[in-house]
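Below is one structure, written out as structure tokens; the observations come after it.
Read-outs: derived from the displayed coordinates by stated rules, not from any lab. What you see is a predicted model, and the numbers here were worked out from it, not measured in a lab. Quick reminder, even Gly has a Cβ in these numbers, built from the backbone with ideal geometry, and neighbours come from all protein chains shown.
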Amino acid sequence: MARVTSYWLLPFGLLSEVGGAVALFTAGDAAHALAGYLVAHALACLVFTLALLVFMPARYRQQRWLPAIFLFSLQFAIPLVGSLGVFAGILLALYLPRSSRELPWQQVPIPELPYRPTDMDNQVVYTEGGLRQVLREANDPAKRLKALLASRQMSGREGVNILREALKDPVDDVRLLAYSMLEQREKALVQEAERLQTQLAQTTEPKPVKQMNRRLAQTWWETAYLGLAQGSLRQYYLEKSRELLIKLVATYDEPADWQLLGRVELALSKPDQARDAFEVAIDNGARQEHILPYLAEIAFLDQDYQRVRFYLARCAHGHSHPAITPLLEAWL
């Protein structure tokens, strides 16, 4: 019944809007014409507001005054076409079917808990010991290949040692992958050394030359230290690194260069020269906890076990590296 009544109100509202517009454009007195139009426009807005409230959803009809004031103000603010435009727009939004959209996700049921525990033997353990165990004991070559790929996450000699161990694998694919990964690491360091040598040939300023020489010595040392070079090639890289470091310490006398020189001398089986370099590094301000383990190693090579304990005891008082913690526990 309310909707039928609203239908009868619509012609009255439409006549009020049209009559007010005609009076506005045809009357002689502008002030009277404007006042008449505003009254007629307000009456039309009121009629259309009452009609719209009937068609609105129940939650809006229950609020009564707020939707009515909003609809009336919106229509009154737009002369001439405001009432008809708002009425048509609201009805179209309410009663035209909404276009269905594809959901960008797919609802899936919540999975149940597994009925049995996960078999950890099928999981690759990303530690050096776990990867070695997979390479040695896994019967499936695919697992051994996954272990090799996982070794890329490991930096330093641990990853290289795992790759070298994989070179003994009975399956060709595993050996070829290990060889390829070793070659990539070595190639990256060799290219870095060649780039530094090229820049050194083109540079004469002292500061850049010092930095590039230091980086070149570190690159050659890293190639030998990681185990990427073996035999006479390793000896060659160590000698080249030693030559550069001797020039650097003779000119700049920095503790980091002395410390690296000590490590190179130790790798070249020259413990006396290594001890001298380490002691100079400490005298120049190098952190003792970084050098004392190497001095303990030199003392061990000299079979001076009392001095080994002395150096390791001094390490225990400082912030020692976690890698030498088992060594400290064994000797102290």
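At a glance:
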{"quantity": "Extension gain from K143 to T204, taking 0.36 nm per residue of separation minus the Cα-Cα distance", "calculated": "16.7 nm"}
{"quantity": "Dimensionless Rg over Rh [the stretch 161-304; C-alpha; Kirkwood]", "calculated": "1.04"}
{"quantity": "Among 259-270, 233-244, the order from most to least packed when residues are scored by Cβ within 10 Å on average", "calculated": "259-270, 233-244"}
{"quantity": "Extension reserve of the R157-V39 stretch, reckoned as 0.36 nm per residue once the Cα distance is removed", "calculated": "33.3 nm"}
{"quantity": "Mean Cβ count within 10 Å, highest first, over the residues of peptides 218-225, 248-255", "calculated": "218-225, 248-255"}
{"quantity": "Nitroxide proxy distance, nm - points 7 Å out along Cα→Cβ at T26 and Y305", "calculated": "12.5"}
{"quantity": "T325-I110 FRET efficiency (beta carbon distance; Förster radius 51 Å; 0.05 resolution)", "calculated": "0.70"}
{"quantity": "Protection proxy ranking, peptides 195-201, 272-278, average beta carbon neighbours within 10 Å, highest first", "calculated": "272-278, 195-201"}
{"quantity": "Partners for K207 among lysines (Cα-Cα distance below 29 Å; same-chain residues under 8 apart left out)", "calculated": "K187, K240, K247"}
{"quantity": "Within-9-Å neighbourhood charge of A166 [Cβ basis; K, R +1; D, E -1]", "calculated": "+2"}
{"quantity": "Residues of type lysines that K143 reaches as a straight line, Cα spacing below 24 Å, ignoring anything fewer than 8 places off in the same chain", "calculated": "K168"}
{"quantity": "Cα centroid separation, the stretch 137-183 to the stretch 271-330 (Å)", "calculated": "34"}
{"quantity": "Segment K270-Y179, length gained on full extension (0.36 nm per residue, minus Cα span)", "calculated": "29.6 nm"}
